[in-house]
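Here is the structure we will look at.
Every read-out reported here was derived from the displayed coordinates using simple, explicitly stated rules and does not represent laboratory data. Computed from a prediction, not measured in an experiment: that's the story for all the values here. With ideal geometry, Cβ positions are generated from the backbone for all residues, glycine too; neighbour counts draw on all protein chains shown.
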Amino acid sequence: MDIPDQLRCLFSASVENRNDPAVIEIPEQEVQSGEVQPGKTYCVAVLAARTVDETTDTDATSQSTNTSQTPPVEKGEQRTIEIEDLGNQGDGITRVERGFVIIVPESKQDERVTIDITDVQRNVAFAEVVERLDYYE
């Protein structure tokens, strides 16, 4: 499945019926990270959860855990990235595999930097700038 660059967050949730309309609750962490803001309108894609019967042996061997639940980065990992956006508090934001968000304080939009991942949470990671690079490096 192709994931568009506009993806702001990715999470699993249940649909609850609350006397019409049905409701999907967004994790508080998504609001705290600044990707989703109360009172704003967003497009939402709803995908059916895979059942145990739908999981094949090939899936199990190539993927030991559900990738939508496992962050694609690890604490201490270094990457060279480009800052795509700035958050509400001025921190740099980039997206890596599956639209996973990394927040990089003290960086500027369109800046190319090498980062060190300092904290990894389920839906977002935080990093420090190790080196600022020329765009063509």
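In nm, give the distance between the simple-model label positions of SER14 and ALA45, each being 7 Å from the Cα along the Cα-to-Cβ direction.
Taking the simple label geometry, SER14 and ALA45 are separated by 2.5 nm.
Report the extension gain between ARG132 and GLN37 in nm, rounded to one decimal, defined as 0.36 nm multiplied by the number of residues separating them, less their alpha carbon distance.
Once the chain is fully extended between ARG132 and GLN37, it gains 31.2 nm.
What does the extension gain come out to for THR114 and GLU77, with contour length at 0.36 nm per residue minus their alpha carbon separation?
Gain on extension, THR114 to GLU77, equals 12.3 nm.
Before anything else, pin down the relative contact order of segment 78-133: Cα pairs under 8 Å, at least 6 apart, normalised by residue count, whole percent.
Relative contact order for segment 78-133 comes out at 33 percent.
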